[in-house]
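**Student:** Below is a structure I'd like to ask you about.
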Amino acid sequence: MHCNVCLTEIEKPIYAANSNQSLTSLCELRDGQVNVWSCPVCSHLRSEAFADTVAYYESDYKILLSDEEEDQIYEVKEGEIVYRTDHQITTLLNKLNLPAGATVLDYGCAKASTLKKLSGVRTDLNIHLFDVSSMYKEYWNKFVSADKCAIHTTPESWASNFDVLTSFFALEHIPEPIDTVKKVHALLKDDGVFYGIVPDTFGNVADFVVIDHVNHFTAPSLAYLLDSAGFRDIQIDDVAHRGALVFTARKGTQSSAALNVAETITRSEELARYWEAVNQRISHTSQAYAGVAKAIYGSGFYGAYIASAMNDFDSVTCFLDASPFQQGKELFSKPILSPQSLPEDVKVLYVGLNPSIARAVMDEMRWLQERDVSLVFLDEQLA
Ligand SMILES: [Zn+2]
């Protein structure tokens, strides 16, 4: 396997899942085992692209397509919900000095929700859109004319045409990011700026094990990628957007950045051991409680992850979720119930919540303490 940022050959993965099914970032189950390789030269983390990547993004990757106004919650601040799209606009406007009438291309834009909202705030911007799928057209047509949209390839007239290229959570999906970043470089005017966001696997550990994120950029590997494509003034911020790296880079003569990768490589190894311990915890619990009815608390990423990693998912009766929006739905053909509807015969409850909050949430549930149920936390030390 080679590093898809610096092309160094990497001998063996630092992480191999023990389940033959994996989760995507949209919490769908796919066949295939997640392996992660860590590059000794640039500290990039990569996994394998699944065989049908092109078809997957053409038609299967349906992020928030069900409802036009659907958005993810970024945080609740003083009782007010801040949506991810709004936070992305605030961050972008803080980081970029966008001149009046600037030409902007959202590269790999999907529904282009961020640029759509931005176009309402900054009506002067000359917005263009590009993606590798045609399924978002109806969303684009609502705010950008067809001559400013491109699918699969960009027209020749777009070369050296843009002041800013944006990329929101796209590069992590792309098996050949070197190619993409070179294309971005060619589309920018001299001095134009590439602005983007990718997940930060150290800030959001779930990113490490989702099968559709073929890249887990580290700050050094992202800098390496941008530098080698001919960008300078590379800034990478791991604070502005929780669980993500926000970067800006200017097209211009390159100046090689010095890389310090030792600390990053150590952190990657720790993350690999963390997920190995989680997998072991799930499989040991299956064995210890063979034949006992089980349930999973949480129907988001962590709950779905437990389901994907269990080898006795048949023994799971239901998921529990405190969110009224989840209750009444199904996940992997099992019902999602309110926590208090936990069936009497369930004796083992896996806690499928972000480990940083899992114990506090379960401690709040006094009713559960009167039930004869063993709780399984993902980060529990193995005996
Ligand atoms: Zn590398």
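The values are calculated or read from the model by the stated rules, or taken from the named source; none is laboratory data. Computed from a prediction, not measured in an experiment: that's the story for all the values here. We place every Cβ from the backbone using ideal geometry, glycine too, and count neighbours over all the protein chains shown. Keep in mind that these areas ignore ligands, DNA and RNA; they rest on the heavy atoms of the full protein, side chains included. Shrake-Rupley method; radii C 1.70, N 1.55, O 1.52, S 1.80 Å.
**Student:** Averaging sequence separations of C-alpha pairs under 8 Å and six or more residues apart, then dividing by the length of segment 73-264, give the relative contact order as a whole percent.
**Tutor:** RCO, segment 73-264: 17 percent.
**Student:** Same structure again: Whole percent per 5 Å bin, from 0 to the bin with the longest distance: what is P(r) over all C-alpha pairs of segment 73-264?
**Tutor:** 1, 7, 16, 20, 22, 17, 10, 5, 1, 0
**Student:** Once R0 is set to 22 Å, what does the formula 1/(1 + (r/R0)^6) return for the Cβ-Cβ distance between MET365 and THR266, expressed as a FRET efficiency to the nearest 0.05?
**Tutor:** For R0 = 22 Å, the calculated efficiency reads 0.05.
**Student:** What accessible surface, in Å², does a 1.4 Å probe find on SER283, ignoring ligands, DNA and RNA and rounding to the nearest 10?
**Tutor:** Rounded to the nearest 10, the figure is 30 Å².
**Student:** Rounded to the nearest 0.05, what FRET efficiency is calculated for TYR289 and ILE10 with R0 set to 30 Å and r the Cβ-Cβ distance?
**Tutor:** Once rounded, the FRET efficiency stands at 0.20.
**Student:** Follow-up question, since we're still on this one. Need the full-extension length gain, HIS152 to GLU138, defined as separation in residues times 0.36 nm minus the C-alpha distance. One decimal, nm.
**Tutor:** The span from HIS152 to GLU138 would gain 3.4 nm if fully extended.
**Student:** Counting DSSP beta bridges in segment 73-264, what percent are antiparallel, to the nearest 5?
**Tutor:** 50
**Student:** Take the alpha-carbon centre of segment 165-231, take the same for segment 272-326, and report the distance between them in whole Å.
**Tutor:** 32
**Student:** Ok, one more. To the nearest 10 degrees, how steep is helix 177-187 against the longest Cα principal axis of the chain, on a 0 to 90 scale?
**Tutor:** 30
**Student:** Let me ask something else. Heads up, I need the accessible area for GLU28: 1.4 angstrom probe, whole protein in place, Å², nearest 10.
**Tutor:** Roughly 60 Å² of GLU28 is accessible to a 1.4 Å probe.
**Student:** Provide, as a two-decimal number, the C-alpha radius of gyration of the chain over 2.2 N^0.38 Å, N being how many residues it has.
**Tutor:** The reported ratio for this selection is 1.05.
**Student:** Taking the solvent-accessible surface of protein heavy atoms with a 1.4 Å probe, what is the per residue accessible area of the chain in Å²?
**Tutor:** Roughly 46 Å² per residue, with all protein chains present.
**Student:** Give me the accessible area of ASP233, 1.4 Å probe, in Å² rounded to the nearest 10.
**Tutor:** Surface open to solvent at ASP233 totals about 80 Å².
**Student:** Also, quick follow-up: Tell me what the chain gives for mean residue ellipticity at 222 nm when only DSSP H runs of n ≥ 4 count, each as -39,500 (n - 2.57), the sum divided by the residue total, rounded to 500 deg cm²/dmol.
**Tutor:** -7500 deg cm²/dmol
**Student:** Still on this model: Leaving out ligands, DNA and RNA, and with a 1.4 Å probe, what % of the accessible surface on the chain is carbon or sulfur?
**Tutor:** 49
**Student:** Next question, about the same structure. Take every DSSP beta bridge with both residues inside the chain and express the antiparallel ones as a percent of the total, to the nearest 5.
**Tutor:** 45
**Student:** Tell me the relative contact order for segment 289-377 as a rounded percent, counting alpha carbon contacts under 8 Å between residues six or more apart.
**Tutor:** That works out to 33 percent.
**Student:** Under the 0.36 nm per residue contour assumption, what length would be gained going from the current alpha-carbon distance of ARG232 and PHE325 to full extension?
**Tutor:** The ARG232-PHE325 span can extend by a further 28.9 nm.
**Student:** Something else now. Over the chain, what is the relative contact order in whole percent, taking alpha-carbon pairs under 8 Å and six or more residues apart?
**Tutor:** 15
**Student:** Moving on. Quick one: helix 84-95 against the long Cα principal axis of the chain, what's the angle to the nearest 10°, folded into 0 to 90?
**Tutor:** 40
**Student:** Largest first, how would ILE357, ILE306 line up by accessible area (1.4 Å probe)?
**Tutor:** Correct descending sequence by accessible area is ILE357, ILE306.
**Student:** Could you tell me which of the pairs LYS116/LYS329; LYS116/LYS189; LYS77/LYS329; LYS111/LYS182; LYS12/LYS111; LYS117/LYS183 are separated by over 32 angstrom between their Cα atoms in the structure shown?
**Tutor:** Long pairs (Cα-Cα over 32 Å): LYS12/LYS111.
**Student:** Let me ask something else about it. Got a sec? What order do VAL41, VAL209 fall in by accessible area at 1.4 Å, biggest, i.e. largest, first?
**Tutor:** VAL41, VAL209
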